[in-house]
Amino acid sequence: MAANNRRMSGKKGAQVGSGGQRRKGLEGRGPTPPAEMRKGHKKNRVANAKAKQTVRRPTPRGRGGKGTSELVVGRNPVVETLREGVPASTLYVQQFIDNDERVREALQLAAERGGINLMEAPRPELDRMTNGLNHQGLVLQVPPYEYAHPEDLAGAAADAGEDPLIVALDGVTDPRNLGAVVRSVSAFGGHGVVVPERRAAGMTAGAWKTSAGTAARTPVARATNLTRALEAYKKAGLVVVGLAADGEADLGELEALDGPVVIVVGSEGKGLSRLVGETCDVRVRIPMPGGAESLNAGVAAGIVLYEAARRRR
């Protein structure tokens with residue numbers, strides 16, 4: 001009866017009771033998996049280590065909170081912002097707008113980049129959005145910047161096996177100075193910039209443009225209290241160096257730049273605040289034979305970062 005059942009079923013392959021083991025034995029083990037997936041292989045160990053670091057170390061941006069969204073208003077500012085690659089979420093275009101060369105370029109740049117919504121809106125709506133500013137029919141929305149946490153900057157340096165090189169800004173309120181510092185940090189191999197949450201420049205469209213695109217790869221962290229953030233860096237083994245015209249040490253004699261360091265730059269004119277100055281391990285002066293009283297934050301930071309990079313070669 002069992003033989004009859006097998007003839008009537010019409011099934012091919014292993015006989016009843018084999019469990020398909022004979023067919024599986026002929027299939028082989030399939031293609032060799034890549035090295036990253038083979039247990040015991042060097043590339044597998046490297047991949048596992050990177051995965052563990054990713055789990056242990058959060059991404060640099062986000063823990064410091066978000067800024068506020070910003071509107072760039074006017075044809076020339078909108079085109080320049082798009083040219084510089086500043087992040088943007090929506091381009092608002094006035095209905096029945098005069099289609100000149102700048103409008104066409106703005107639309108082309110937004111379309112080429114991708115990820116930017118194009119919205120047509122009546123003029124009264126754009127007037128309301130911009131509080132009556134002369135928008136000329138073009139308004140670009142820049143999304144909030146995602147700040148890192150100060151701890152993330154030192155953590156990223158540790159993951160890369162490098163001594164942290166960080167710049168902190170004290171009382172710098174011009175976004176262009178912030179952008180210039182970000183650009184210098186990127187150029188000389190630094191690990192990021194720290195700014196206070198209050199009474200300080202943030203990552204606006206102006207800062208993005210001045211950074212010449214380097215803000216996309218150089219994190220900016222925001223500290224609720226700059227003094228406490230510097231004290232935390234000191235506990236982690238970093239030397240806090242403040243720039244001051246009346247500093248007790250000369251930049252060329254500063255050995256601390258060879259190791260883990262935070263360079264603190266104050267505002268032009270006022271310099272470092274009292275509490276921040278007292279928190280610094282050492283205050284350093286930049287020799288200026290020309291007799292200038294002070295340098296703006298971007299220039300001062302660039303000089304010290306160059307000296308640090310030269311010593312670390």
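Distance from the alpha carbon centroid of the stretch 95-140 to that of the stretch 159-218 works out to 30 angstrom.
Under the convention that each Lys and Arg Cβ holds +1 and each Asp and Glu Cβ holds -1, the size of the dipole of the stretch 124-249 around its Cα centre is about 240 debye. For the stretch 176-313, the equivalent ellipsoid derived from the Cα gyration tensor has semi-axes of 21, 17, 16 Å, listed largest first.
Using a probe of 1.4 Å on the protein chains alone, the accessible area found for GLU268 is around 110 Å².
Solvent-accessible surface of protein heavy atoms, probed at 1.4 angstrom with all chains present, puts MET203, MET129 in the order MET129, MET203, largest first.
Near LEU257, once Lys and Arg are set to +1 and Asp and Glu to -1 for all other residues with Cβ below 15 Å from its Cβ, the sum equals -2. Ranked by the mean number of other Cβ atoms within 10 Å of their residues, highest first, the peptides 232-243, 172-183 fall in the order 172-183, 232-243. Taking a Cβ cut-off of under 15 Å around VAL93, the surrounding Lys, Arg, Asp and Glu residues balance to a net charge of -3, with basic ones at +1 and acidic ones at -1. Rounded if a/c is under 1.5, else prolate if a/b is larger than b/c, else oblate: which is the stretch 236-298, with a ≥ b ≥ c the root eigenvalues of its Cα gyration tensor? Note, shape of the stretch 236-298 comes out oblate.
The values are calculated or read from the model by the stated rules, or taken from the named source; none is laboratory data. None of these values were measured; they are calculated from a predicted model. Cβ sites come from the backbone with ideal geometry, for glycine too, and all protein chains shown count toward neighbours. Just so you know, the surface numbers come from the protein's heavy atoms only, side chains and all, with ligands and any DNA or RNA stripped out. Shrake-Rupley method; radii C 1.70, N 1.55, O 1.52, S 1.80 Å.
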